[in-house]
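Participant: If you scroll down you'll find the structure; I have some questions about it.
The values are calculated or read from the model by the stated rules, or taken from the named source; none is laboratory data. Keep in mind that this is a model prediction, so the values were computed, not measured. Cβ coordinates were reconstructed from backbone atoms using ideal geometry, including for glycine residues, and neighbour counts include every protein chain displayed.
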Amino acid sequence: MDHFHYRGGQLYCEDLPVADLAEQFGTPLYVYSQAAFLDTFNALRTAFAAVDPLICYAMKANSNLGILKMLAERGSGFDVVSGGELYRVVAAGGDPGKTVFAGVGKTDEEIEEALVAGVLMFNVESEEELENIARVASQAGKVAPIALRVNPDVDPKTHRYISTGKKESKFGMDIDRALRVAESAVKIPSLTMIGMHMHIGSQITTVEPYAGAVAKGVDIIEKLRKMGHPVRWYNVGGGFGIDYKAHEAKPIQAFADVIVPAVQSTGCRLAMEPGRVMSGNAGILVSRVLYTKQSGEKRFLIQDAAMNDLIRPALYESFHKIWPVSVPSGLPAPPDDFEGAIAGTDPWDVVGPVCESGDFLAKDRALPRLERGALLATFSAGAYGMVMASNYNTRPRAAEVLVEGTNARLVRRRETYDDLILQERL
Ligand code: LLP
């Protein structure tokens, strides 16, 4: 079920017209559908049920407290990569005991905080980090639960900036090194290796990279156990892709079909860290057209969302569907295919007010002519949208609204100018 849909030419989020939300809360505005989040959460639980999955939502994709609370209430765990993210889990009522702590550069303070909070396990990314966690745990009189992050050296076939499982990436340890580190870890009393972790990249749309990676993992877990490590968690990370353009990503069940048998063969419980697949298509960015202008043949739609609100197009040249919130009559709502010609449209660059040529949400995008004040929806903006927003050009960050049926809750108010200078001193 698509929780962002058009009725009578008007875009709705669940049962609310998006135009009403823009009126009430202003623009630029992130609008999230609770049902969309929960549909995916439940689909993951069902597809992976055979290996008793702990879904550790990768909150780096979207860490709004309202969303975390909604997920925590339904038993979700979390994947955190900083002390700040762990702080959010606790603030949202999440369970640190269902939280995994990843990241290549954990500080001593962050390790201490995670030990005190009682995280389920640390995903350990290097030999030095392992030694440091052991030292910090020992000083605190604790035993740190850990999972080794192994880099399986597979090509996830995704954008190079979000590929993490190849040998040359900074993440994890290659298999030989990981096994050597594991040997030496057997004797460390302040560590207990209860898991094995891998995460090969993000926006992965095919199952083959997982098939290759999980098979290697099975072998690694067997070796770790032979050394005496009580490995009972197989953490396959995140990375499941979503549909940005058409139907490019394989459904969750297809990923489950290759992952479940491998995990089952180890007798481990499955942990996973889905971020984008849960949040990406659960959110849109709504903006308002400020001006249109033409320069030679080029048409520009200048609207009030900018690269500081959604940096993905500028950073990764990523494609986000963009379509009017109120569709002019005679046009589809929205087209399934943006590749071919769409009658009644022209190519427009959708740009924001920021003073950079890289400030665009789309280039040469088929759109109808729109008037000042028209509303635009940028789709698939729920993941890595607001979390990567900045105040560049001293622009207040957008507001965020969480919709449930006919209810809209402001889960983050729009920033004020005062918010923007609060930390600074004359
Ligand atoms: N686990 C680990 C260890 C990760 O590094 C990541 C994402 C995830 C889980 C969640 O991956 P997901 O399920 O969302 O694919 N800003 C980029 C994406 C960066 C991904 C970073 N790591 C973008 O906008 O595409």
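Participant: For region 1-114, please list each of the helices (runs of 4 or more DSSP H) lying entirely inside it that holds at least 3 residues being within 17 Å of the chain's Cα centre (by Cα).
Facilitator: 34-47, 65-72, 83-91
Participant: Going by the structure shown, is Ile221 over 30 Å from Tyr316 (Cα atoms), of a type outside the set (D, E, K, R) and free of Cβ contacts under 8 Å to residues at least 60 places away in the same chain?
Facilitator: Against the criterion (over 30 Å from Tyr316 (Cα atoms), of a type outside the set (D, E, K, R) and free of Cβ contacts under 8 Å to residues at least 60 places away in the same chain), Ile221 qualifies.
Participant: Related question: Take the residues of region 92-111 that are of a type in the set (A, V, I, L, M) and out of contact with any helix residue (DSSP H, G or I) (no Cβ under 6 Å at 6 or more places or on another chain): which is farthest from Gly195 (Cα to Cα)?
Facilitator: Of everything passing the filter in region 92-111, Val104 is farthest from Gly195 (Cα to Cα).
Participant: If Asp52 satisfies every condition in (1) in the same structural domain as Leu376 (by TED's automatic domain parsing); (2) of a type outside the set (S, T, N, Q); (3) at positive phi but one, which is the exception?
Facilitator: So the condition that Asp52 fails would be (1).
Participant: I would also like to ask the following. Go through (1) at pLDDT below 95; (2) within 15 Å of the ligand (Cβ to nearest atom); (3) not in a helix (DSSP H, G or I) for Tyr161 and report which single condition fails.
Facilitator: (3)
Participant: When region 220-237 is examined, which residues are found to be within 16 Å of the ligand (Cβ to nearest atom) and farther than 15 Å from Pro261 by Cα?
Facilitator: Selection gives Gly237 alone.
Participant: Tally up the residues in region 87-109 that are crowded, with 23+ Cβ neighbours inside 10 Å and in contact (Cβ under 8 Å) with a residue 24 or more places away in the chain, please.
Facilitator: So the answer is 6.
Participant: Do we find that Val51 is within 20 Å of Gly280 (Cα to Cα), surrounded by 21 or more Cβ atoms within 10 Å (Cβ to Cβ) and touching a helix residue (DSSP H, G or I) at 6+ places or on another chain (Cβ under 6 Å) in this structure?
Facilitator: For Val51, the condition - within 20 Å of Gly280 (Cα to Cα), surrounded by 21 or more Cβ atoms within 10 Å (Cβ to Cβ) and touching a helix residue (DSSP H, G or I) at 6+ places or on another chain (Cβ under 6 Å) - is not met.
Rundown of residues vs (1) of a type in the set (A, V, I, L, M, F, W, C); (2) outside the structural domain of Asp336 (by TED's automatic domain parsing), yes/no style:
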| site | (1), (2) |
| --- | --- |
| Tyr244 | no, yes |
| Lys250 | no, yes |
| Val258 | yes, yes |
| Ala262 | yes, yes |
| Lys298 | no, no |
| Leu301 | yes, no |
| His320 | no, no |
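Participant: Could you grab me the full set of residues in region 246-300 that are touching a Leu at 6+ places or on another chain (Cβ under 6 Å) and closer than 30 Å to Gln24 by Cα?
Facilitator: Leu285, Val286, Ser287, Arg288, Val289, Thr292
Participant: Scan region 169-206 for residues that are more than 16 Å from the ligand (Cβ to nearest atom), assigned to a loop (DSSP other than H, G, I, E, B) and surrounded by fewer than 16 Cβ atoms within 10 Å (Cβ to Cβ) and jot them down.
Facilitator: Listed by number, the residues that qualify are Val186, Lys187, Pro189.
Participant: Based on what the data block shows, is Phe319 within 16 Å of the ligand (Cβ to nearest atom) and either surrounded by fewer than 24 Cβ atoms within 10 Å (Cβ to Cβ) or of a type in the set (Val, Ile, Thr) (or both)?
Facilitator: Judged against the criteria, Phe319 is a match.
Participant: Here is a follow-up. Contact list please: Cβ distance under 7 Å, first residue in region 252-270 and free of Cβ contacts under 8 Å to residues at least 40 places away in the same chain, second residue assigned to a loop (DSSP other than H, G, I, E, B), pairs at least six apart or on different chains.
Facilitator: Close Cβ pairs (under 7 Å, with a partner that is assigned to a loop (DSSP other than H, G, I, E, B)) do not exist here.
Participant: Hey, another quick one. Within region 207-219, which residues are more than 14 Å from the ligand (Cβ to nearest atom) and either at pLDDT below 95 or in a helix (DSSP H, G or I) (or both)?
Facilitator: Glu208, Ala211, Gly212, Val214, Ala215, Lys216, Gly217, Val218, Asp219
Participant: Something else now. Out of the residues in region 135-156 that are over 14 Å from Ala114 (Cβ atoms) and small (Gly, Ala, Ser), which is surrounded by the most Cβ atoms within 10 Å (Cβ to Cβ)?
Facilitator: Step by step, filter region 135-156, then rank; the result is Ser138.
Participant: Among what's in region 274-295 and is touching a residue at least 24 places away in the same chain (Cβ under 8 Å) and among the hydroxyl-bearing types (Ser, Thr, Tyr), pick the residue that is nearest to the ligand (Cβ to nearest atom).
Facilitator: Ser279
Participant: State all residues of region 72-82 that are within 16 Å of the ligand (Cβ to nearest atom) and free of Cβ contacts under 8 Å to residues at least 60 places away in the same chain; if no residue qualifies, say none.
Facilitator: Scanning region 72-82 gives Ser76, Phe78, Val80, Val81, Ser82.
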